[in-house]
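See structure below.
Read-outs: derived from the displayed coordinates by stated rules, not from any lab. Please read these numbers as outputs of a predicted model, since none were measured by experiment. Here the Cβ positions follow ideal geometry from the backbone for every residue, glycine too, while neighbour counts run over all protein chains shown.
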Amino acid sequence: MAIRLKTADEIDKIRRAGRVVRSVLDRVGMMAVPGATTREFETEARRLTREAGAEPLFLNVPSRGSAGPYPAYLCVSVNEELVHGIPGPRVIRDGDIVSVDFGVRLDGWCADAAETFLVGQVRPDVRHLVEVTRNVLAKAIGMCRPCQKWSRIARSMQAYVEGEGLSVVRKFVGHGIGEEMWERPQVPNFVSPELEARDIVLREGLVLAVEPMVNMGSAEVDEGPDGWTVLTRDRLPAAHFEHTLAIRASGCDILTDGR
C-alpha cells in the first residue's frame, strides 16, 4: 500500500481535528493535579469530544491479544506506565508524571497527539526525563523538511536521548495519519537495519504522527495484566510526546498545536 500524500485542503482538515485534540490535552493538563483520578480525565475528554462533533480514535480499537477492545477515549499512563493505560479510579499523587495520548476523527480526517504532564513536586531525574522527551520531539520537528531522510532524523533523536543517559523505546513507533489513524509509513525514533534498507524520504504533503517514547532505564517494556497497559520492564518512569505534522515546501507544520 503506497504512502498517500495530502493536499493543502486535506491538511487543513487534519488541522481542524488537531484543534480538538489540543483542546482536550490542554484541559486534561489543567486537571492533572494531586487528588484527581484518571477517570475524571476520561469524563472530561468525552464531553469535549462530543461537543466538538468529533469521534474518538482509540475507543473500541481491537486488542492484538486476549483483551477486549480498548474501552476509553484517552490513554492515560502514570509513571512506569509507558502507553495505553486505561483511565479508571487511580488517584494522581504529588510527584507523578502522567502521559496522555488522544486522537479524534473530525469530518473524516484524523489527528493524534500526546503529552506528559508533571504533577506537583517531581524529582529532578524524572523532570529531566520529561524535558528530554519533549526536546527530542522538538529536535525531530526542526529537522523535518522536503528531501530529508528519516534515518538522519531518527539517528539524531536516538543520539540525543542516549547521550542524556536515557533509552529510546523500540517496541512502538510513529506512523502516517490521514483518513485512518494508522497509515504508512512507520516512523521509528531510532535507527535500525530495516530503516536503513528502506529509508523514508520526506516529501511535501506527507503527514506523520511523530511520537518519541523514552524510558529512564532499559528500553524494554512489558504488557500489563489488563492486556493493554504497557509498563517499563524495570518499572522506572517513562515519558511520551507526540504531534501530528505535515511536511510543507517551507518545512514542518505542526497540526496539533491548537492553531
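Just a few scattered comments:
- Point-charge dipole on Cβ atoms (K/R +1, D/E -1) for the chain, about Cα centre, debye to 20: 480
- Between the labelled values [x] 12.9; [y] 18.8; [z] 15.4, the entry that holds mean projected area of the Cα convex hull in nm² as derived from this structure is [x].
- Trypsin sites (Lys or Arg not before Pro) restricted to DSSP loop in the range 115-208 with at most 13 other C-beta within 10 Å: Lys171, Arg198, Arg203
- Footprinting exposure proxy for Val33, Val168, Val104 (fewest neighbouring C-beta atoms within 10 Å first): Val33, Val168, Val104
- Most fluctuating residue given options His128, His243, His175, as computed from a GNM of the chain linking Cα atoms under 10 Å: His128
- Efficiency of FRET between Asp257 and Val91 - r from beta-carbon atoms, R0 25 angstrom, step 0.05: 0.25
- Centroid-to-centroid, using Cα positions, the range 1-37 and the range 189-228 are 19 Å apart.
- Listing Arg145, Arg105 from fewest to most neighbouring C-beta atoms within 10 Å gives Arg145, Arg105.
- Relative contact order of the range 8-254, defined on C-alpha pairs under 8 angstrom at six or more residues apart (%): 22
- Partners for Lys149 among lysines (Cα-Cα distance below 20 Å; same-chain residues under 8 apart left out): Lys6, Lys139
- Across Glu194, Glu162, Glu44, mean-square fluctuation computed from a Gaussian network of the chain (C-alpha pairs under 10 Å connected) peaks at Glu194.
- Comparing Pro89, Pro193, Pro212 in a Gaussian network model of the chain, where Cα atoms under 10 Å apart are tied by springs, the biggest mean-square fluctuation is seen for Pro193.
- Unmatched cysteines, the chain - criterion: no other Cβ of a Cys under 4.7 angstrom: Cys75, Cys110, Cys147
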